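Below you'll find the structure, written out as structure tokens, and then a few comments.
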Amino acid sequence: MTAIAAPTTLAETFRRLIREHGPIPVSRYMGESNARYYASRDPLGTTGDFVTAPEISQMFGEMVGLWLADIWVRAGRPANAVYVELGPGRGTLARDSLRAMATQGLRPQVHLVEGSEALRSLQADALAGARFHETVDTLPDHAPMLLVANEFFDALPVRQLVCTEVGWRERMIALDDQAQFVFVAGDNPMDEAVPADRKTAPPGAIIETSPAAAALAGEIARRLDVQGGAAVFIDYGHLEPRTGSTLQAVRVHEKVGLFDAPGDMDLTAHVDFAMLGQIAARAGLAGATATQGEWLSALGIGQRAQALTARSPARAQDIAQAHDRLVGTDKMGDLFKVMALSPRDWPRGTGFAEGDIE
């Protein structure tokens, strides 16, 4: 009997590619690693690799739903508005948001952008009647979109540029003498891709860009401008341009080495909200940013926590801990940022102290 060969690990595939064709860009390593990772599992919860805000408490999704419903009401209650979520996990955020929307009379058709068959199965169980899409390209183009992306942009591949003694180069991944992955600088000059205010950075400095995030944000902005609606992006990241690598790997709720298990760990990078804001502004959209803690507090998550505690006193400690985890400045409250976008002829979203992104 012929033996069946064991499946090739992604690490082995990368090593073969590097040996045959030379170093690969960081963006390819991250993109292919995450594509395999998300296609093969449910990564969420205590038995997975990480926990997202919707899984911490129903309060998070309820605040998102009420925020969208408020905009919808002030826009005149358009009957054909649709709910869109990018990377909806287990469907928990959508379920809680839709329940909160329904209290305001909003019961939109649900469209989920999800490429993982494993997660689609869970989402279908949680959200009867939801329609699935591989990409945003097939979303309805005739209706206002109420769009949510929570911890979605951070998993999109980033391109890293490193400053060397001879100029800027793309950061690549090669093999050392022991066939271990190592970072190296590419051969091709990349100075033209570096913003003018960072061209004079010292050798060793790293900047990150995400062409995938830029393209997606541009398409969402274009659709909002044409169709109407609003979008809210929630993710960990920075509001001002910065230097340095933010790439990290997580497995079983612990940070691990970037090369430990490609395809079997979650690779993420901080979202550049400054870049997303520039793209939205160029498309003519109004936008605003805040930390997650500021935004949720302004929307009334504290009062919601009190109401839930009054209803279920036995859960008071759990509710308080969830509230603190979502808004605490030493927890998710400051690390996670929120960006809201809407066409200029639609109402602005509430909960933001700052003015429009220009």
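Some points to look at:
- A single member of Ser116, Ser121 is under 27 Å from Val51 (Cα atoms), hydroxyl-bearing (Ser, Thr, Tyr) and in contact with a helix residue (DSSP H, G or I) (Cβ under 8 Å, 6 or more places away or on another chain), and it is Ser116.
- Test: residue in the stretch 248-256 that is within 19 Å of the chain's Cα centre (by Cα), under 22 Å from Gly293 (Cβ atoms) and among the basic types (Lys, Arg): no
- All of Arg28, Arg90, Arg36 fail the test of being part of a helix (DSSP H, G or I), of a type in the set (D, E, K, R) and modelled with pLDDT under 95, apart from Arg36.
- Here the condition is being in a strand (DSSP E or B), buried (at least 19 other Cβ atoms within 10 Å of the Cβ) and hydrophobic (A, V, I, L, M, F, W, C); of Leu258, Leu267, it holds for Leu267 alone.
- Annotation: of all residues in the stretch 306-358 being among the hydrophobic types (A, V, I, L, M, F, W, C) and touching an Asp or Glu at 6+ places or on another chain (Cβ under 9 Å), the one that is surrounded by the most Cβ atoms within 10 Å (Cβ to Cβ) is Met339.
- Just one of (1) buried (at least 18 other Cβ atoms within 10 Å of the Cβ); (2) over 24 Å from Met275 (Cα atoms) fails for Arg131. It is (1).
- Residue in the stretch 276-297 that is among the small types (Gly, Ala, Ser) and without any contact (Cβ under 8 Å) to a residue 12 or more places away in the chain present: no
- Conditions (1) crowded, with 16+ Cβ neighbours inside 10 Å; (2) among the hydroxyl-bearing types (Ser, Thr, Tyr); (3) under 30 Å from Tyr38 (Cα atoms); number of the one not met by Ser297: (3)
- Residue identified as charged (D, E, K, R), out of contact with any strand residue (DSSP E or B) (no Cβ under 6 Å at 6 or more places or on another chain) and closer than 28 Å to Val84 by Cβ among Asp235, Asp272: Asp272
- Taking the criterion of being in contact with a Gly (Cβ under 6 Å, 6 or more places away or on another chain) and either part of a loop (DSSP other than H, G, I, E, B) or over 21 Å from Pro140 (Cα atoms) (or both), the residues of the stretch 94-111 that qualify are Asp96, Ala100.
- Under the condition of being part of a loop (DSSP other than H, G, I, E, B) and more than 27 Å from the chain's Cα centre (by Cα), the residues counted in the stretch 146-188 number 7.
- Residue within the stretch 337-351 that is of a type in the set (Gly, Ala, Ser), in contact (Cβ under 8 Å) with a residue 60 or more places away in the chain, closer than 24 Å to Ala212 by Cβ and part of a strand (DSSP E or B) present: yes
- Boolean, Thr291 is crowded, with 20+ Cβ neighbours inside 10 Å and among the β-branched types (Val, Ile, Thr): no
- Filtered residues of the stretch 237-295 (kept if among the acidic types (Asp, Glu) and closer than 16 Å to Gly218 by Cβ): Asp272
- Of the residues Ala249, Ala274, Ala281, Ala230, the single one that is part of a helix (DSSP H, G or I) and either buried (at least 19 other Cβ atoms within 10 Å of the Cβ) or in contact with a His (Cβ under 8 Å, 6 or more places away or on another chain) (or both) is Ala274.
- Filter result (assigned to a helix (DSSP H, G or I) and surrounded by fewer than 18 Cβ atoms within 10 Å (Cβ to Cβ)) within the stretch 112-125: Glu117, Ala118, Arg120, Ser121, Ala124, Asp125
The values are calculated or read from the model by the stated rules, or taken from the named source; none is laboratory data. From a predicted model like this one, the values you see are computed outputs, not experimental measurements. In this analysis, Cβ positions are derived from the backbone assuming ideal geometry, glycine residues included, and neighbour counts consider all displayed protein chains.
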